[in-house]
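One structure is given here, and the rest of the page talks about it.
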Amino acid sequence: MYIPITVDHIARVEGKGGIEIVMSDDGVKEVKLNIIEGPRFFEAITIGKKLEEALAVYPRICSFCSAAHKLTAVEAAEKAVGFTPREEIQDLRDIVYIGDMIESHALHLYLLVLPDYLGYSNPLSMLDRYRKEIEYAMALKNIGAKIMDYLASRPIHQENAVIGGFGKLPTKAQFEELKRELKEALPMAEYTVELFSKLEQYKEVEDKEMVHMAVKPRNGVYGIFGDYVKVSDGFEFPVEDYQKHIVERVVEHSFAKHSFYRGKPFMVGAISRIVNNAHLLYGRAKELYAQYKDLLRYDNCFANNFAQALELVYFIERAIDLIDDTLAKWPIKPRDEVEMKDGRGVSLTEAPRGILAYTIEVRDGKVAYADIITPTAMNLAIMERHVRMMAEKHYNDDPEKLKLLSEMTVRAYDPCISCSVHVVKL
Amino acid sequence: MENGKVRVGFYALTSCYGCQLQFAMMDEIIQLLDKASIECWFMVERDSDEDREVDIAFIEGSISTEEEAELVKKIREKAKIVVAVGACATQGGVQSWGNDRKLEELWKTVYGDAKVKFQPKMAEPVENYIKVDYRLYGCPPEKKDFLYALGTFLVGSWPEDIDYPVCVECRLKGYPCVLIEKGEPCLGPITRAGCDARCPGYGIACIGCRGAIGYDVAWFDSLARVFREKGLTKEEILERMRIFNAHNPRLEEMIDKIFEEGE
């Protein structure tokens, strides 16, 4: 009789989940990621509600990526009612989304991941010896937050992103300020790349069968919005077909469903974007990619941490370029009138943690159907597989060591458990 | 207090983790934590334990499982001060928007006939289960709400509730009125201030994330009358006001009153 090794509540991730490793005489019998947060039924509670009100509620699925939820939901809603935003509005949405990306990556890398590698249980106690790292984390997080603050009203649960555009835009001076601070943040992002290039990517979870999925960027530049999904096995499909290729299943140990592609687990996230779209990088990130290509491995989920560090550099430069484009077109009309038609819209975007999928069907200005699949829900199945691989190598070791390594495997995926709990098929 | 440090716990029930994120993202947290020891805060501290005694317990999230109902009782026993933080803990959160429908119906919509090994519930505010000493409102609360509350606790005092609506701050800021000038269903008149009228400042109608003002001065009925004149139906008015006030005991009867009056 073996007592299962359990982590009741995985620390330093967004949301509430646990790990359960069950042993037998033959080694590891079962590994389960228990998702213990309560269900919130987001898609169900917004059915029959006014579209604008539903769009205010969806971002509340998650705080770390509320802007991602907001902008993906708004795009799906605009497609549903038959509206296409002007290019300058799309650029501004990209900037907001990048703000979310920078903030989320900075928090994940420095506050959630780094303490494990430096031997701390929390990031705040690192302050004495690693003040510079904590200060960089705060500064990077602050510039991401400030972008969302100025453009979208606040860093968590933005209200200023609506069908047709924005209620109000920042001033030219505010854009200049953001650009100045982004430039100041760039060396910190490069330092992050250097720092994370030294951190171990555990060989125990090396997985040659790993398949990665990412949105194919719309305008030929590494980015967030797109109309097709690329799979690392060479397959491509239009975003509208995601329900055919990403198949969900309920598992009894979780309020979150698991997702499969061709019957098998797959990964989404920063490393999946790099695997599928690295040729679309430009600027400093392109140079760094060439330099560190060997660390951006498709077969190791720990590479996701390093891929996020590289993306910090990329997205900071990209935001500066997008601000330049915006200022060149100044003044910009913030919002267009949108006529509400009935219809169905699908949007897939690259949230900080990977593909975020929204389908919204609109009838008489109200939500008639909604389907949301979050990146963490897509990753849960493969995450379990990799925790299992870790456990198979270490089940004879000190349980505390196994617990830590299992947690680190989970943290490499940057899971957002609140996000994953509420996935719906009607 | 232990070694002159305030023992703090930050606990999450069912939520988006945004209240903790807001708290963790404050630059001031570095100074504050010199004066505090974190006993339980899973989002940042691996060495966390829900069984430790604390001076101040911050609770985020709604009670949405039987396990969470048990957890809050334990937190109450171990804590001197319990603070409910954010819209989920104080008002049941946006997940309560669906409480006009049955749990079984919501469950079936999302999960079909599948079963999981945890017991779900309809979302409820924390104070339906335990005594709550103070509340920080908002979705998420403002950074200044945290600073103010912690500051008052550290000097042995307590945070005062805000008893006036968003409109007061909106007028002071000089923003154009979203309700009267733009004709949109702004909930500013019934919603607790403290956000500096952020959304109306962007020309966006308030959705009431800080909850209805207390002390029976949230005039749902007067605002419903204005909305009705703008062509909103009773259901539309109720649904909008319920996003963040689904558990408010006075909401429905006050709206009923307006519609019983007739045109």
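The values are calculated or read from the model by the stated rules, or taken from the named source; none is laboratory data. Computed from a predicted model, the values in this text were never measured in an experiment. Ideal geometry is used to build each Cβ from the backbone, glycine not excepted, and the neighbour counts take in all protein chains shown. With ligands, DNA and RNA removed, areas are computed over all heavy atoms of the protein, side chains included. Shrake-Rupley method; radii C 1.70, N 1.55, O 1.52, S 1.80 Å.
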Note to self: Run through the stretch A:203-236 and list the chymotrypsin sites (Phe, Trp or Tyr not before Pro) located in a DSSP loop whose Cβ has at most 13 other Cβ atoms within 10 Å.
What the structure shows: A:PHE235
Next item on the list: Decide, for the stretch B:6-154, between rounded, prolate and oblate: order the square roots of the alpha carbon gyration tensor eigenvalues as a ≥ b ≥ c, take rounded if a/c falls under 1.5, and otherwise choose prolate if a/b is larger than b/c, else oblate.
Entry: prolate
Notebook entry, point to check: How much mean residue ellipticity at 222 nm does chain A get from its helices, if each DSSP H run of length 4 or more adds -39500 (n - 2.57) and you divide by all residues, to the nearest 500 deg cm²/dmol?
Noted result: -14000 deg cm²/dmol
Check: Which FRET efficiency value, to the nearest 0.05, do you get for B:THR233 and B:GLU184 by plugging their Cβ-Cβ distance into 1/(1 + (r/R0)^6) with R0 = 22 Å?
Finding: 0.85
Margin query: Report the A-B buried area as the accessible area lost on both sides summed, probe 1.4 Å, in Å² to the nearest 100.
Written below: 5800 Å²
Note to self: Could you report the stretch A:42-420's accessible area per residue, 1.4 Å probe, as an integer in Å²?
What the structure shows: 32 Å²
Check: Counting Lys and Arg as +1 and Asp and Glu as -1, each charge on the Cβ, what is the dipole of the stretch B:6-154 about the Cα centre in debye, to the nearest 20?
Finding: 240 debye
Next item on the list: Would you mind telling me the share, in percent, of accessible area of the protein assembly as shown contributed by carbon and sulfur at probe 1.4 angstrom?
Entry: 50 percent
Notebook entry, point to check: Using alpha-carbon pairs under 8 Å, 6+ residues apart, how would you state the relative contact order of chain B in percent?
Noted result: 16 percent
Notebook entry, point to check: Which order do B:TYR148, B:TYR215, B:TYR11 take by accessible area at a 1.4 Å probe, largest first?
Noted result: B:TYR215, B:TYR148, B:TYR11
Check: Are there any helices in chain B, counted as whole DSSP H runs, that stretch 15 Å or more along their axis by Cα and score at least -0.5 on average by Kyte-Doolittle, and if so which?
Finding: B:143-154, B:251-261
Margin query: What does the C-alpha gyration tensor say about the overall shape of the protein assembly as shown? Classify as rounded when a/c is under 1.5, otherwise prolate if a/b is larger than b/c, or oblate.
Written below: rounded
Notebook entry, point to check: From the square roots a ≥ b ≥ c of the eigenvalues of the alpha-carbon gyration tensor of the stretch A:158-294, which class results: rounded (a/c under 1.5), prolate (a/b over b/c), or oblate?
Noted result: oblate
Item checked: Simple Cβ-charge dipole of the stretch A:42-420, Lys/Arg +1 and Asp/Glu -1, about Cα centre, in debye nearest 20 -> 200 debye
Next item on the list: Set the Förster radius R0 to 60 Å, insert the Cβ-Cβ distance between B:TYR164 and A:LYS393 as r into 1/(1 + (r/R0)^6), and round the FRET efficiency to 0.05.
Entry: 0.50
Next item on the list: Over chain A, calculate the relative contact order: mean separation of alpha carbon pairs under 8 Å at least 6 apart, over the residue count, as a percent.
Entry: 26 percent
Notebook entry, point to check: Using r as the Cβ-Cβ distance of A:PHE237 and B:LYS173, and R0 as 60 Å, what FRET efficiency do you calculate, to the nearest 0.05?
Noted result: 0.80
Check: When only DSSP loop residues count, what trypsin sites (Lys or Arg not before Pro) in the stretch A:110-213 have their Cβ near at most 12 other Cβ atoms within 10 Å?
Finding: A:ARG129, A:LYS198, A:LYS208
Item checked: Accessible area in square angstrom per residue, the stretch B:45-152, 1.4 angstrom probe -> 39 Å²
Note to self: Translational diffusion coefficient of the stretch A:42-420 at 37 °C, 0.692 mPa s, Stokes-Einstein with Kirkwood Rh over Cα pairs, in µm²/s as a whole number.
What the structure shows: 157 µm²/s
Margin query: Using a 10 Å cut-off around each Cβ of peptide B:42-52, what is the average number of partner chain Cβ atoms that fall inside?
Written below: 6
Next item on the list: State the answer as a single residue: which of A:ILE47, A:ALA270, A:THR409 lies farthest towards the positive end of the charge dipole of chain A, with beta carbon charges of +1 for Lys and Arg and -1 for Asp and Glu, about the Cα centre.
Entry: A:ILE47
Notebook entry, point to check: Per residue of A:50-57, what is the mean number of Cβ atoms on other protein chains within 10 angstrom of that residue's Cβ?
Noted result: 5
Item checked: Per-residue average of Cβ from other chains inside 10 Å of B:62-75 -> 2
Checklist line | Computed helical MRE - 222 nm, chain B, DSSP H runs ≥ 4 contributing -39500 (n - 2.57), nearest 500 | finding: -9500 deg cm²/dmol
Notebook entry, point to check: Which residues make up the longest stretch of chain A that has no GluC sites (Glu not before Pro) in a DSSP loop with at most 13 other Cβ atoms within 10 Å?
Noted result: A:1-199
Notebook entry, point to check: So what is the relative contact order for the stretch A:139-295, in percent, with contacts set as C-alpha pairs under 8 Å and at least six apart?
Noted result: 17 percent
